[in-house]
Amino acid sequence: MPHIAVNLYPGRDRDTKLEIANKLKDLMVRELNFPPDSISVSVVEIEPDNFVETIQQKYDGKDLYISSRAVKTST
């Protein structure tokens, strides 16, 4: 605990995904004082045609703190 889940369009190589994961982990360590070995990070690629539907099915609107043009919070 905690786990950070990143969902994005395909197209980044493994090194780029690892860099993103490490930066997110470092942020949690720095800002919330979690031990580095307590944090896990996943990076999942979702095809553009399925992205909005997948995200909306996976996450409740109340858990979406920042909306994008495509993925909106439910109000």
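A few notes on this one:
- Cleavage-rule hits, chymotrypsin sites (Phe, Trp or Tyr not before Pro), the range 18-75, DSSP coil, Cβ neighbours within 10 Å at most 16: Tyr59, Tyr65
- Long-range HN-HN contacts of Ile4 with modeled amide H, under 5 Å: Ser40, Val41, Ser42
- Note on the chain: helix-only mean residue ellipticity at 222 nm, from DSSP H runs of 4+ residues weighted -39500 (n - 2.57) and normalised by residue number, equals -13000 deg cm²/dmol.
- Crossing angle, helix 14-32 versus the chain [Cα axis fit, 0-90 degrees, rounded to tens]: 70
- In the chain, the trypsin sites (Lys or Arg not before Pro) that fall in loop regions by DSSP, at most 15 other Cβ within 10 Å: Arg12, Arg69, Lys72
- Listed by chain and number, the lysines whose alpha-carbon sits under 26 Å from that of Lys62, ignoring those within fewer than 8 places in the same chain, are Lys23, Lys25, Lys72.
Here, each number is a calculation from the coordinates, and none is a lab measurement. Keep in mind that what you see is a predicted model, and the values were worked out from it rather than measured. Heads up, the Cβs are rebuilt from the backbone with ideal geometry, glycines too, and the neighbour counts pull from every protein chain shown.
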